[in-house]
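The structure appears below as structure tokens.
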Amino acid sequence: LPDCLQPKLFTLVLVTDGRRVLLGKKKRGFGEGYFNGFGGKVEAGETIRDAASRELLEEAGIAADSLTHRGTLTFLFDDRPQPWEVHVFHSDSYTGMPTESEEMAPQWFDYDSIPYQQMWADDVFWYPLLLKGSACFRGTFHFVNTHTLVKRDLSEVPCL
Ligand SMILES: Nc1nc(SCCc2ccccc2)c2[nH]cnc2n1
């Protein structure tokens, strides 16, 4: 595949504490106004896992004690040729205090009151797999006009 069609790598970190999940309200840029996990681009020269830790610290001011890779999500957009490959990590313990950053305003949500209407349309499908404990998943979601989900494919896969 020509380099320009290699997927663009991103990270996404979901931190849980009992039956609460820490989300951030995106204050600017891509996905502004949505609640999401913490993440961003994988920079040249860093591992995906290191990028996940870095973004969590930058965006929420906390350091995950451990990160478990739980899923790989591919996002296709009709107006972007390059697929996005988002590596989803979970942490159930961290150090520091969740702190607002320029990018994100952190907020805890009980599992039963996750604000899916203020989140990316794919989240309602894979969050239950992530939150129910140990499942790993792989999914592909196709968007048009950035926000409209037109096709989805999601399955549980063995955790490596
Ligand atoms: N939950 C979720 N997240 C993303 S982007 C996450 C990765 C990212 C990308 C750019 C800046 C920061 C973080 C999505 N895109 C399409 N559906 C989606 N669902």
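The values are calculated or read from the model by the stated rules, or taken from the named source; none is laboratory data. As the structure is a prediction and not an experimental result, all values here were calculated from the model. Please note: Cβ atoms are built from the backbone with ideal geometry, for glycine as well, and neighbour counts cover all protein chains shown. Heads up: the accessible areas ignore ligands, DNA and RNA and are worked out on the full protein's heavy atoms, side chains in. Shrake-Rupley method; radii C 1.70, N 1.55, O 1.52, S 1.80 Å.
In table form, for the structure just shown:
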{"item": "Top of Phe38, Phe77, Phe30 by mean-square fluctuation, Gaussian network on the chain, Cα under 10 Å", "result": "Phe30"}
{"item": "Dipole magnitude of region 2-114, debye to nearest 20 (Cβ charges: Lys/Arg +1, Asp/Glu -1, about Cα centre)", "result": "140"}
{"item": "Highest-MSF residue in the chain out of Ala60, Ala52, Ala121 [GNM, Cα springs under 10 Å]", "result": "Ala121"}
{"item": "For region 74-157, convex hull volume per residue from C-alpha positions, Å³", "result": "133"}
{"item": "Accessible area, probe 1.4 Å, largest first, for residues Ile114, Ile48", "result": "Ile48, Ile114"}
{"item": "Relative compactness, the chain, computed as alpha-carbon Rg over 2.2 N^0.38 Å", "result": "0.98"}
{"item": "Accessible surface, per residue, of the chain when the full set of protein chains is kept, probe 1.4 Å, Å²", "result": "52"}
{"item": "Binned Cα-Cα distance frequencies in region 113-155 - 10 Å width, integer %", "result": "25, 53, 21, 1"}
{"item": "Shape metrics for region 5-74, restricted to C-alpha atoms - Rg then Dmax, Å", "result": "12.2, 40"}
{"item": "Apportionment of accessible area to carbon and sulfur, region 1-107, percent (1.4 Å)", "result": "52"}
{"item": "Theoretical ellipticity at 222 nm over the chain - DSSP helices of four or more residues, -39500 (n - 2.57) apiece, nearest 500", "result": "-4000 deg cm²/dmol"}
